[in-house]
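Let me begin by presenting the structure, written as C-alpha cells, before commenting on it.
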Amino acid sequence: MRHDQRGADLNVVQNPEGTKYKADALYLYNFEKIHGGSKGYMSVPEGYVSRVLIAVAIVCAVALAWSIRDVLIVIFGGLIVATLLRTLSDGISRITPLQGKSAVGMAVAVVLILLVGVGWAIGDLVLTQMETLRERLPEAVEASRRWLYQSALGSRLLKQVQTAGPVDVPWDQVAGITGVAVGAITSVILILAIGLYVAGAPGLYRRGLVSLMPRHYRAAVQQAIAAAARGLRLWLLGQMLSMAAIGTLTAIGLLLLNMPLALSLGIIAGLTAFIPFVGPLSFGVLAVLMAFTEGPEQALYVALLCLGIQQLEGYVITPLIQRRTVQLPPALGLVAMLIFGVLFGIPGVLLATPLVVVVMILVQKLYVEYGLEGRNAEN
C-alpha cells in the first residue's frame, strides 16, 4: 500500500488493485474482501430496508390503535350493526326487486316495525314486570340472606362480610354516572350512524381500505376482508338463534315452575346470552335471587333450571348452530373476554366474541394461508 501524492491532502490511499479509497473507508473494503463481499463494497442484505420499514409501521400502527382504542370499539360496533342490516337487506333483495340502499332502507323499516309491534303487544306487560323486578330485588336479597343465616357455612360467610367493615361510598364516582350515561348514549348513536352509512355502501369503504395497502397485498387483503365479513355474518345469525332459544326455554321453564315475572326474566336471559360465560352466570344469580322470594325450594328449582338450560345450550344448541356458522373454541372466547376487557373495558367484554371471530379469520387468511403456506409453496 502506498500513498497517492495527488490525493494526499484528501487522505486517499490506494489498494493493490489500483482502486482509490479514503482512509476511513479502507476498513470496509478489507472487511468485504475477507468476508466475500462483491467488489469490495459493503452491501445491505436483500429486503432488509423493507423489513425495517414494515416493523416501524407496525409499531406506529399499534401505538395509534392504542391511543384511539375507544374510537375503534365504536367503529367495530358500527360494523356489527352494518353486518346485521346487510344480512336483512340481502334477504329482502332475494324476494323483492329492491337492491342496495333501497333494500337497506327496507331492512331498517322492518326492524322498526318489529320493535314497535313487539312493544305494542307486550310492552306494557314487560315494563310492569321490570318495575316489579326492580322493586322486589331488595326483598330477594334479604330473603337469600335469611336463608344463609340458617346454615353454619352461610352464617360464617355473612359474618366475614360484616366484619370487613362498612364500605365508603365513592361519591365522586357516583357524581360521574351522569357523564358516563351521556357518553354511552352518544356511543350508541354513533354506532347506529356508522352502521347505517356502512350498510348503505359497504363496497366504498372496503375499496378505500384496500387501496391503502401495498399493491401486491391488495388481493389477499380483499379476500381476508370478505371472509371476515362472511364469518361475522354467520356468527351473528348463530348468536341470534342461540339467544332466542335460551330466552324461550327460560321463559317456558319459569312458567312451568309458577315463577312470577317469567316473561321479563326470559327476555333478560336471551339478552344476556349475547355475552358468553358472564351473561348466563349473571342471569342465573338474578333468577335465583328472585326465586328466594318464593322460598328456598323454588330457588333450588330455578338454579337447576338455569343449569340445565346452559348444559343444553353448550352441548346441543351451540354445536348444532356452529355446524353452519363459525366454530369458536370456548377457551379462546374466555381469553378474548379477559384481554379485550382490559383493553376496552365493558364495551370490550360485550364485543369480545365477535372481535375474536374477526381476528381469528384475518390471522387465518393473511398470516397462515397467505404468509406461511404461500412461502412454503414458493419454496
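Hydrophobic (A, V, I, L, M, F, W, C) and more than 28 Å from Gln239 (Cα to Cα), is that true of Val59? Don't jump to the end; show me each part of the working.
Details: hydrophobic (A, V, I, L, M, F, W, C): yes; more than 28 Å from Gln239 (Cα to Cα): yes.
Taking the combined requirement at face value, the residue satisfies it.
Assess whether Ser89 counts as being assigned to a helix (DSSP H, G or I), polar (S, T, N, Q) and either within 25 Å of the chain's Cα centre (by Cα) or within 30 Å of Gly345 (Cα to Cα) (or both).
Judged against the criteria, Ser89 is a match.
Among the residues of the stretch 198-210, is there at least one that is part of a helix (DSSP H, G or I), surrounded by 14 or more Cβ atoms within 10 Å (Cβ to Cβ), in contact (Cβ under 8 Å) with a residue 12 or more places away in the chain and among the small types (Gly, Ala, Ser)?
yes
Which one is nearest to the chain's Cα centre (by Cα), of the residues in the stretch 282-305 that are surrounded by fewer than 17 Cβ atoms within 10 Å (Cβ to Cβ) and farther than 20 Å from Ile267 by Cα?
Once the filter is applied, the top-ranked residue is Leu300.
Here are Gly154, Gly165, Gly179: which of them is over 21 Å from the mean Cα position of the chain (by Cα), modelled with pLDDT under 65 and within 22 Å of Phe344 (Cβ to Cβ)?
Of Gly154, Gly165, Gly179, the one residue that is over 21 Å from the mean Cα position of the chain (by Cα), modelled with pLDDT under 65 and within 22 Å of Phe344 (Cβ to Cβ) is Gly179.
Where the second residue is assigned to a helix (DSSP H, G or I) and at pLDDT below 85 and the first is in the same structural domain as Gly195 (by TED's automatic domain parsing) and farther than 17 Å from Ala193 by Cα and lies in the stretch 81-107, which pairs have Cβ atoms under 7 Å and are six or more apart or on separate chains?
none
Does Leu237 fit the bill of being hydrophobic (A, V, I, L, M, F, W, C), assigned by TED's automatic domain parsing to the domain that holds Leu127 and surrounded by fewer than 20 Cβ atoms within 10 Å (Cβ to Cβ)?
Answer is yes for this residue.
The values are calculated or read from the model by the stated rules, or taken from the named source; none is laboratory data. In this text, all values refer to a predicted model and were calculated from it rather than measured experimentally. Neighbour counts run over all protein chains shown; Cβ positions are idealised from the backbone, glycine included.
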